[in-house]
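Take a look at the structure set out below.
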Amino acid sequence: MREGFTCQVKCMNFLKKSLEKYLPGKGITKRITPDQLELKKFEDLEHYKDVLYFCGKCGQCRYVFQEAYWSRVCPSGELKKFEAYYLGGKKPSAMGSFKR
Amino acid sequence: MGTIEGEGKERILKELESIVGSEYVSSSREITFLYHWDFVTAEEPGRCDFVVMPSSTEEVQEIVRLANREKIPVIPWVSGMNFGGICIPRKGGIVVDLRRMNKVLEVNEDDMYAVVEGGITWGDLKGYLEKHHPNLRAGITWSPAGTGVIPSYICYGMLDLGFIGGTGAEFINGLEVVLPTGEIVRVGSCMCTNYWLGRAPLPDLVGLFIGWDGTTGVVTKAGIKLWPNLPRKDFIIIADTVDTGVKIFRKLAKAGLGIVDMCFLNYVWLCSLQGYQEDENIPFEPEKTGGNDFYGLITITAYTEKEMEAKSEAIMKIVEEEGGLVADIETVINMFSENERENLLTLTNPPIHFYGVWNFSRGGGGEWVGSYISSRHVAQYYEIAISIAKKYGKHACMYGRVMFGGHHWIARVNINFNKNDLEDVERARKCLMEIDENVRKLGSVIRYKAPPWAKKRNLEKANPTALELIRKIKRLLDPNGIMNPGHEI
């Protein structure tokens, strides 16, 4: 177990070092994920364009993991069922408006 | 066959409405166009004429009978999420969206299997098991909760129990299928008993529907293996290169340590998982900048604490002997902020809660060269992929798994692109084709869930008698060629 522990400490040190190296400006300088974007209301359409293109229609928005259970959560999708009524369907429709 | 217009279209629409009810069928463009492409890959979109959502096997049967009579293509569809575009309608026709058939029909705790409907998703299945059978678990792919279970299984998906159970295909005990000619068939033990406990000892007809990419029938029910939900421990293993990592994994696979899952990523995919968007700052060759390029995740289960401790010790010993680094994930996770921890921990308990695994933050596009492969070729595969990707200004995201006790591996290289940039889409497409062309020369590479252009390449050197047999079976099952045309093997 002692050998394993040493190995674990080395592993941790390496990971810490790699994060330090790439995060504060040398390598990866910026972390942007959709949930970190500031979604202001009532902006020009252009402001929302990139957000729409994040969507890969993965279906994640149809479910939520809450209190240890996966559950379906999309009201309009569950009501009408067709893909167009889930967020993954609404977003492509919104994308269409940018192309007009 | 082509798309349907005029009076014929109206007549077929009415017939479909009489089968499923008018609220569950549509031919309108704003509904159908969402089924024309898979929204992720660089594959060209297709076109369908109708979308219909049946709620039972009998309704599927009536739809297929209608389609066969009219010689209209049928495209089975669950969530439309895959990296090969295999449910893009290539010749018009009826998309049979199975999402209303999403129930768990039976769980047999003694023989550890579940019978589920053809449109069930990971979220539905896992949600049900967590509530009603928390002592059992299913094998799940590293994908979002909305992904279809049965398509993942019949297309050889790699599950988080792949090391003990093999591919999704091996997790299938039996199937109920509506054949292209409209008959309902049951294959596996369920063909002659009400127990869906396995595929032996009669002729294994399940194979008629596995690996055919939905071209031989519509699966309406499946018996799938479940496994004991034992206490688990996850480890992160780091090696300087993929080559070293493969050697470590190979040794671990042969050590008999009760490992249930062994998967690995390269540095670039690790960055994706953490939501890095600035890909120009991610080094193409991490090892040359002092970084490591192999990040393994392995999972063990044990019945007692002592057993777990002994297995952990053996894992740490082997990894260190082979020149790698190892830490248990609970320790590693504390290095991240609280909200990041929650996301990263889902990797050990799919379906995943976030989309970073597909790197959608860079414009939403991604497509793979995903291959079954010998462990002998994994490192070379990776070297080829990164050098070609670099030529196109792309990062190759590597992800792989050791399957079925180490008897075979899966290696997969994803190329990401911005869906809103047509030049970028084209660049990704060319890059994928070149990677595919070159990795096939390694010998053991066979692509799975492949788009049509790659499927053709898969079979270039296939045994001609086997190919003819495949064609004969297809003709026998689907004489009018209506089932998912354009995606035939």
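The values are calculated or read from the model by the stated rules, or taken from the named source; none is laboratory data. Owing to the predicted nature of the structure, the values given are computational and were not obtained by experimental measurement. Positions of Cβ are generated from backbone atoms using ideal geometry, with glycine treated the same way; all protein chains shown enter the neighbour counts. To get the accessible areas, we keep the full protein, side chains included, count just its heavy atoms, and leave off ligands, DNA and RNA. Shrake-Rupley method; radii C 1.70, N 1.55, O 1.52, S 1.80 Å.
Structure notes:
- Of all residues in the stretch A:62-83, those satisfying the criterion of being facing another protein chain (nearest Cβ under 8 Å) and either modelled with pLDDT under 70 or in contact with a Gly (Cβ under 9 Å, 6 or more places away or on another chain) (or both) are A:62, A:63, A:65, A:68, A:69, A:70, A:71, A:72, A:82, A:83.
- A Cβ distance below 7 Å, combined with a sequence gap of six or more or placement on separate chains, defines the contacts here; from the stretch B:424-435, residues that are closer than 12 Å to residue B:367 by Cβ reach residues that are open to solvent by less than 50 Å² (accessible area, probe 1.4 Å) and among the acidic types (Asp, Glu) in the pairs B:428/B:367; B:432/B:367.
- Here residue B:193 meets the list (1) of a type outside the set (Asp, Glu); (2) free of Cβ contacts under 8 Å to residues at least 24 places away in the same chain; (3) buried (at least 17 other Cβ atoms within 10 Å of the Cβ) almost entirely, failing just condition (3).
- Of all the residues in the stretch B:436-465, those that are over 22 Å from residue B:40 (Cα atoms), touching a residue at least 40 places away in the same chain (Cβ under 8 Å) and open to solvent by less than 50 Å² (accessible area, probe 1.4 Å) number 5.
- Residue check, residue B:116 open to solvent by less than 10 Å² (accessible area, probe 1.4 Å), more than 14 Å from chain A (Cβ to nearest Cβ) and in contact (Cβ under 8 Å) with a residue 24 or more places away in the chain: yes
- Test: residue in the stretch B:17-33 that is touching a residue at least 40 places away in the same chain (Cβ under 8 Å), within 14 Å of another protein chain (Cβ to nearest Cβ) and either under 17 Å from residue B:88 (Cα atoms) or in contact with a Gly (Cβ under 6 Å, 6 or more places away or on another chain) (or both): yes
- Hits in the stretch B:63-76 (condition: under 17 Å from residue B:177 (Cα atoms) and either open to solvent by 10 Å² or more (accessible area, probe 1.4 Å) or without any contact (Cβ under 8 Å) to a residue 12 or more places away in the chain (or both)): B:65, B:68, B:76
- Residue in the stretch B:230-243 that is farthest from residue B:198 (Cα to Cα), counting only those that are open to solvent by 30 Å² or more (accessible area, probe 1.4 Å) and either over 24 Å from the mean Cα position of the chain (by Cα) or modelled with pLDDT of 95 or more (or both): B:240
- In the stretch B:63-107, of all residues being under 19 Å from residue B:13 (Cβ atoms) and in a loop (DSSP other than H, G, I, E, B), the one that is farthest from the other protein chains (Cβ to nearest Cβ) corresponds to B:71.
- When the criteria are applied in full, residue B:64 fails the requirement of being at pLDDT 95 or above and closer than 21 Å to residue A:62 by Cβ.
- Subset of the stretch B:128-170 (residues that are in a helix (DSSP H, G or I), buried (at least 23 other Cβ atoms within 10 Å of the Cβ) and within 14 Å of another protein chain (Cβ to nearest Cβ)): B:149, B:151, B:152
- Among the residues of the stretch B:1-49, those that are of a type in the set (Ser, Thr, Tyr), closer than 21 Å to residue A:77 by Cβ and surrounded by fewer than 16 Cβ atoms within 10 Å (Cβ to Cβ) comprise B:22, B:28.
- Of all the residues in the stretch B:293-333, those that are facing chain A (nearest Cβ under 7 Å), of a type outside the set (Gly, Ala, Ser), within 32 Å of the chain's Cα centre (by Cα) and buried (at least 19 other Cβ atoms within 10 Å of the Cβ) number 5.
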